Amino acid sequence: MFWADKIAADAKGHEIVNDSKTPSGRVHVGSLRGVVIHDVIYRALKHAGKPVKFLYGVDDYDALDTVPKYLDREKFSPYLGYPLCNTPSPEDTASDYAKYFMSEFLEVFEYLGVKPEVYYLRDLYRSGKLNKYIETFLQNAHLVREAYKEVSKAERPDNWYPFQIVCEKCGKIATTVVTDYKGSEVFYTCKPDAANWVAGCGHSGWVSPFDGNGKLPWKVEWVAKWDVLGVTIEMAGKDHSQKGGSRDVANAICRKVLKKQPPFHSPYEFILVNGTKMSSSKGVGSSAKEIAELLPPELLRFLMLRTQPRTVINFAPNYETITRLLRDYDTLIDKYADNPDEATGEDGKLRKDFMPLFYAQIGDEVKAYNSFDFSTLISLLQIPHLDIKEEIAKRSSQPLTEFDWQIINQRIAAAQKWLQDYADEEEKLVIYLDQVPEKAGYLSPEQITYLEKLAENLEQLSNWEGEELQTTIFSTSKELEIKPAGAFQSIYLSFVGKERGPKAGSLLSYLDKSFVISRIQDVIEMNKSKI
Ligand SMILES: [Zn+2]
């Protein structure tokens, strides 16, 4: 059984799935893993006919703890330590910092067909909905301290209270500590030496902790959210799920103070981009929005789903990764289209192998299409004076339907975007149409012999197609007992001026037969004239 369907099968009663995000800056594609995982759990529960709600929390009472490098340092430095919802927006398009970055992320949700009920922590605090939890945790501060100590070995002084006030004088929240509590008020100090990245103003005083005057530390806040919203399922990234980590601390607080069981939890792994974990504050890697502009929504969902949650996803928007992602998706679609009955189990549902494909869809239906190889598409788009649609129609084994064209147009857009924004020079295919590449002038005598024979053999071909060309290129090297590496190199040097390139048979198939043969002759000529 697919992992999400298993969670759904085990679920009893009304489920509330929750996920959340601190909108500290541009959100990176790595953050989409949790979003898609929770969305799929939600959908699995719906399919299982179980009542379920999907919530997404915006942790906007968290402090601005760093100025992302793409923002004006001078403008935002004074707001370090401020709640994100009290920090100004980088642009006029939003009321504040949190809403600004969240709205960009929510556009991606929309694109991916993810539709949770979104709530903001500022509203929970300011409306007073969390007041009774604030009271409970302040009254039981000793139990909270105990949980920290037992689970994460973190010692808190006896006068430490799980609360932070928004300083009435300087507006910062990251700098304040609460050291006393009496009924309806807490005593706090805004500490000048609060942290090495932010200094408090020194103000201190008694103030009410309720109605948005401050916040619970996030591990405690997590527990309050679970209870006030009735959360029953919430996964967490590996960083929060280590033994003695934040999730363990929150679970312990939930049991100790509220005397309740925490929601169902299972960790999921990171997405590594070029081998490093993506961070939303450093601006490393690619933002969720940028990757959403590159990949069609089903493909972006599929990227998150074809790997099971406990395995790391390695993602880099390079040629290898992108073309493989598309190929894997199309292969699964083809397998499904070839035999939908075989893809379906006795229960009338798709088999486990097809579930990533099923949950990759925006709707509830897998719709088959005639796929067109994405790497060929990338190559074709780089050939000057080529009518791409005519070429695709010519190369397709059967007439293309309207839906096929819909998919193909989407892929053309993706390939163009990739070429424009991601392909490096090495990955680009530059075919020398007007002149022989200079590098083709230094072939070995063996390579010249090979090209002579190849031109002869190509001349005989009645069918100018990729596979057949590939076979001919290969069999010619065998015929002459020349190593394939040298043979293929001579072809790449003759047409793209590089030692390597895409599949040689495909490469030649993009070009006219007469052009290919005359180019080979020109190359032979050029080399011979040098002797
Ligand atoms: Zn202050």
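A short reminder: the numbers here are calculations on the coordinates, not readings from a lab. Just so it is clear, the model here is predicted, and its values are computed rather than measured. Because the Cβ atoms are built from the backbone with ideal geometry, glycine has one as well, and the counts that use them run over all protein chains shown.
Count neighbours as other Cβ atoms within 10 Å of each site's Cβ, and list the chymotrypsin sites (Phe, Trp or Tyr not before Pro) in the range 180-275 that are DSSP loop with at most 14 such neighbours.
TRP197
Between PRO484, SER518, TYR450, whose Cα lies farthest towards the positive end of the dipole of the range 438-528 when Lys and Arg beta carbons carry +1 and Asp and Glu beta carbons carry -1, centred on the Cα centre?
PRO484
Using a cut-off of 30 Å between alpha-carbon atoms, which lysines can reach LYS389, once sequence neighbours fewer than 8 places away in the same chain are excluded?
LYS289, LYS335, LYS367, LYS417, LYS428, LYS498, LYS503, LYS513
Over the alpha-carbon set of the chain, work out the extent along each principal axis and list the three values in angstrom, largest first.
Principal-axis extents of the Cα atoms in the chain, largest first: 96, 59, 41 Å.
Counting only DSSP beta bridges with both residues in the chain, what percent are antiparallel, rounded to the nearest 5?
50 percent
Tell me the relative contact order for the range 456-531 as a rounded percent, counting alpha carbon contacts under 8 Å between residues six or more apart.
Dividing the mean separation by the residue count of the range 456-531 yields 33 percent.
Once the convex hull of the C-alpha atoms of the range 438-528 is built, how many Å³ does it hold per residue, rounded to a whole number?
79 Å³
Relative contact order of the range 271-427, please, whole-number percent, based on alpha carbon pairs below 8 angstrom and at least 6 residues apart.
26 percent
Work from the charge dipole of the range 151-215 (Cβ charges, +1 for Lys and Arg, -1 for Asp and Glu, about the Cα centre) and give the residue of GLY183, TRP197, GLY212 farthest towards its positive end.
TRP197
For VAL430 and CYS201, what does the FRET efficiency come to when R0 = 56 Å and r is the distance between their Cβ atoms, rounded to the nearest 0.05?
After rounding, the FRET efficiency stands at 0.40.
Taking every DSSP beta bridge that has both residues in the range 1-102, what percent is antiparallel when rounded to the nearest 5?
The answer is about 10 percent antiparallel.
Identify the chymotrypsin sites (Phe, Trp or Tyr not before Pro) of the range 70-135 meeting these criteria: DSSP loop state and at most 13 other C-beta atoms within 10 Å of the C-beta.
Those that pass, being in a loop and sparsely packed, are TYR70.
Among PHE76, TYR97, GLY57, whose Cα sits farthest toward the positive end of the charge dipole of the range 43-119 (+1 at Cβ of Lys/Arg, -1 at Cβ of Asp/Glu, about the Cα centre)?
Working it through, the farthest residue towards the positive pole turns out to be GLY57.
Where a ≥ b ≥ c are the square roots of the eigenvalues of the C-alpha gyration tensor, would you call the range 271-427 rounded, which needs a/c under 1.5, or, failing that, prolate if a/b is larger than b/c, or oblate?
Oblate, because a/c is 1.5 or more while a/b does not exceed b/c.
Are there GluC sites (Glu not before Pro) in the range 84-135 that DSSP puts in a loop and that have at most 15 other Cβ atoms within 10 Å, and which ones?
For GluC sites (Glu not before Pro) across the range 84-135 that sit outside H, G, I, E and B with at most 15 neighbouring Cβ atoms in 10 Å, the list reads GLU91.
If amide H atoms are built 1.01 Å from N in the plane of the peptide, which residues on other chains or at least 5 residues away come under 5 Å of the amide H of ALA195?
Counting only residues 5 or more places away or on other chains, the set is GLY200.
How high is the relative contact order of the chain, in percent, counting Cα pairs under 8 Å that sit 6 or more residues apart?
The normalised contact order for the chain reaches 12 percent.
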